[in-house]
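Asks: Structure incoming, see below.
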Amino acid sequence: MAYQASQPITGLPHQQVDPHEARHILIGLVAVLLGVAVGVLILVVVWMGDSASTAQRQAQAAADKVAAATSGRTTGMAGMPGMGTSTTAAIATPSFAGAAPANADAIADARKAFPAELPAVTPGPVVAVNLGINHEVVQIAPGIKYNAWTFGHGAPGPVIHASLGQTVRVTLTNNAPMAHSVDFHAARIAPNVAFRDVDPGQSFSFSFKATAPGVFMYHCGTKPVLAHIANGMYGAIVVDPPAGTLPAADRQYVLVASEWYLSSDGLKQAASLDMVKAHQMTPDWVTWNGYAGQYVKHPLTAMPGETVRFWVMDAGPSFTTAFHVVGTLLNRAWINQDMTQYQRNVQTALVAAGGGGVFDVKIDQPGLYPVVSHSFASVDMGQVALLNVGNTAGTMSH
Ligand SMILES: [Cu+2]
């Protein structure tokens, strides 16, 4: 905006202004405006510079945090077996998917599979659950050793079977050299009280009432939870609905899905957790009940025409399971373990990380039926079982 020299200037309506003087005023005004603009510009530049350095500082802090978490510094776990020994920078180790010793087949043959059969329910008003917490080497695939943190002596921890209305009394005994805890998804309870950290050498008990039926996860809830679950601290609890409310099943199996993120191949020395891979969700192994392909070597069994019920829980820590049985449909699918209603003839059912689902199949033709997550990267990394219907000879992989 500029005033024409011939126009009256506000405040001087009746006075003609000398064009010369007007030019001077104009120049003066422009100079003042320029001055103000330069001042504002300087302020903006200074502010931007400050913002940039703040952003830079924040980015650096975030990077430091990741690097520290990777090396265990922020959690006081540096040098702890099973914690972030792979690197101090945010770089994942190479993939060790599919690593195997020469005698992998013989190892797989000789190893007893994790019992997938649903154990009997404990009678009486109280189910006593004693969970010892240990740091120990487990096998997660034929010949692959891993520095795990466990409930009991393996991953997953023991399958717990309760009935609706029973009280579950949990006693944790921490035999490990660091704090751990347990979080039961089946519980309605103040987590700051019941799921608190238990120090090394200590025991702690709490009780909750089983108020909903289904298959639920339990896991260590100590920070960083990602690391504690990835290291093997999870298991399943099945809560039966009232007797007679579910259709009958001839066989019942519990399958727990989980991923493993390895700092090394685990062949000669036990691998530990690669926290960068865990953050990036790039596992080396994905398993049913903690061990790759164990039910391919030692299949689950059924006879033609039987109803087989799968209680499926996905421990993650991060993957979901797309539950699918090759060669059949899920006759009944209690999605998200809502045991009040089921869907029929489902091809693939989602089981969320930290969630559960219950699925019935009834297979008439004898044969070998792979039980998978239809997210097929997981199959390649070991999450495949076989259901052998009718004592079918031979084996297959899928
Ligand atoms: Cu833990």
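Asks: Is it the case that some residue within the range 297-307 is under 28 Å from ALA108 (Cβ atoms), hydrophobic (A, V, I, L, M, F, W, C), within 16 Å of the chain's Cα centre (by Cα) and open to solvent by 40 Å² or more (accessible area, probe 1.4 Å)?
Replies: No - not one qualifying residue is present in the range 297-307.
Asks: From the residues in the range 196-237 that are near the ligand (Cβ under 10 Å from one of its atoms) and open to solvent by 40 Å² or more (accessible area, probe 1.4 Å), which one is farthest from MET178 (Cα to Cα)?
Replies: Going through the qualifying residues, I end up with VAL225.
Asks: Determine whether the range 367-374 contains at least one residue that is open to solvent by 40 Å² or more (accessible area, probe 1.4 Å) and out of contact with any Phe, Trp or Tyr (no Cβ under 9 Å at 6 or more places or on another chain).
Replies: No, that holds for no residue.
Asks: Looking only at the range 138-147, how many residues end up being within 16 Å of the ligand (Cβ to nearest atom) and crowded, with 24+ Cβ neighbours inside 10 Å?
Replies: Within the range 138-147, residues that are within 16 Å of the ligand (Cβ to nearest atom) and crowded, with 24+ Cβ neighbours inside 10 Å number 1.
Asks: Considering the range 158-176 alone, what residues qualify as being open to solvent by less than 20 Å² (accessible area, probe 1.4 Å), part of a strand (DSSP E or B) and away from the ligand (no atom under 16 Å from the Cβ)?
Replies: ILE160, HIS161, ALA162, VAL168
Asks: Would you be able to say whether some residue in the range 128-139 is in a loop (DSSP other than H, G, I, E, B) and either among the charged types (D, E, K, R) or touching a Pro at 6+ places or on another chain (Cβ under 9 Å) (or both)?
Replies: no
Asks: Another one. Before we move on, is HIS279 assigned to a helix (DSSP H, G or I), open to solvent by 10 Å² or more (accessible area, probe 1.4 Å) and at pLDDT 95 or above?
Replies: In short, yes.
Asks: Of everything in the range 180-192 that's over 15 Å from GLY132 (Cβ atoms) and in contact (Cβ under 8 Å) with a residue 12 or more places away in the chain, which residue is nearest to the ligand (Cβ to nearest atom)?
Replies: Ranking the candidates gives ASP183 first.
Asks: Additional query: Out of everything in the range 223-245 that is of a type in the set (A, V, I, L, M) and part of a loop (DSSP other than H, G, I, E, B), what residue ends up being modelled with the lowest pLDDT?
Replies: Going through the qualifying residues, I end up with ALA243.
Asks: Select, from PRO115, PRO94, PRO101, the only residue that is open to solvent by 50 Å² or more (accessible area, probe 1.4 Å), assigned to a loop (DSSP other than H, G, I, E, B), within 26 Å of THR282 (Cβ to Cβ) and not aliphatic (A, V, I, L, M).
Replies: Selected residue: PRO94, the only one of PRO115, PRO94, PRO101 that is open to solvent by 50 Å² or more (accessible area, probe 1.4 Å), assigned to a loop (DSSP other than H, G, I, E, B), within 26 Å of THR282 (Cβ to Cβ) and not aliphatic (A, V, I, L, M).
Asks: Sticking with this one: Is it the case, given these coordinates, that HIS135 is away from the ligand (no atom under 13 Å from the Cβ), touching a residue at least 24 places away in the same chain (Cβ under 8 Å), surrounded by 15 or more Cβ atoms within 10 Å (Cβ to Cβ) and closer than 26 Å to LEU226 by Cβ?
Replies: When the stated conditions are applied, HIS135 does not pass them.
Asks: Something else about it: When residues of the range 177-193 are filtered for being within 17 Å of PHE151 (Cβ to Cβ), under 22 Å from the mean Cα position of the chain (by Cα) and part of a loop (DSSP other than H, G, I, E, B), how many remain?
Replies: Selection size over the range 177-193: 7.
Asks: Okay, moving on. Give the residue, chosen from THR211, THR301, that is outside any strand (DSSP E or B), closer than 24 Å to GLY357 by Cβ and either without any contact (Cβ under 8 Å) to a residue 24 or more places away in the chain or of a type outside the set (Phe, Trp, Tyr) (or both).
Replies: Just a single option satisfies the conditions, and that option is THR211.
Asks: Report yes if some residue within the range 246-261 is closer than 19 Å to ALA92 by Cα and either open to solvent by 30 Å² or more (accessible area, probe 1.4 Å) or in a loop (DSSP other than H, G, I, E, B) (or both); otherwise report no.
Replies: Yes, because at least one residue in the range 246-261 is closer than 19 Å to ALA92 by Cα and either open to solvent by 30 Å² or more (accessible area, probe 1.4 Å) or in a loop (DSSP other than H, G, I, E, B) (or both).
Asks: Would you check if there is a residue in the range 148-157 being surrounded by fewer than 22 Cβ atoms within 10 Å (Cβ to Cβ) and within 14 Å of the ligand (Cβ to nearest atom)?
Replies: yes
Asks: OK, next. Within the range 122-147, count every residue that is at pLDDT 95 or above and more than 25 Å from the chain's Cα centre (by Cα).
Replies: 5
The values are calculated or read from the model by the stated rules, or taken from the named source; none is laboratory data. Please read these numbers as outputs of a predicted model, since none were measured by experiment. When we count neighbours, we look across all protein chains shown, and the Cβ atoms used for this are built from the backbone with ideal geometry, even at glycine. Calculation scope for accessible area: heavy atoms of the full protein, side chains included, ligands and nucleic acids excluded. Shrake-Rupley method; radii C 1.70, N 1.55, O 1.52, S 1.80 Å.
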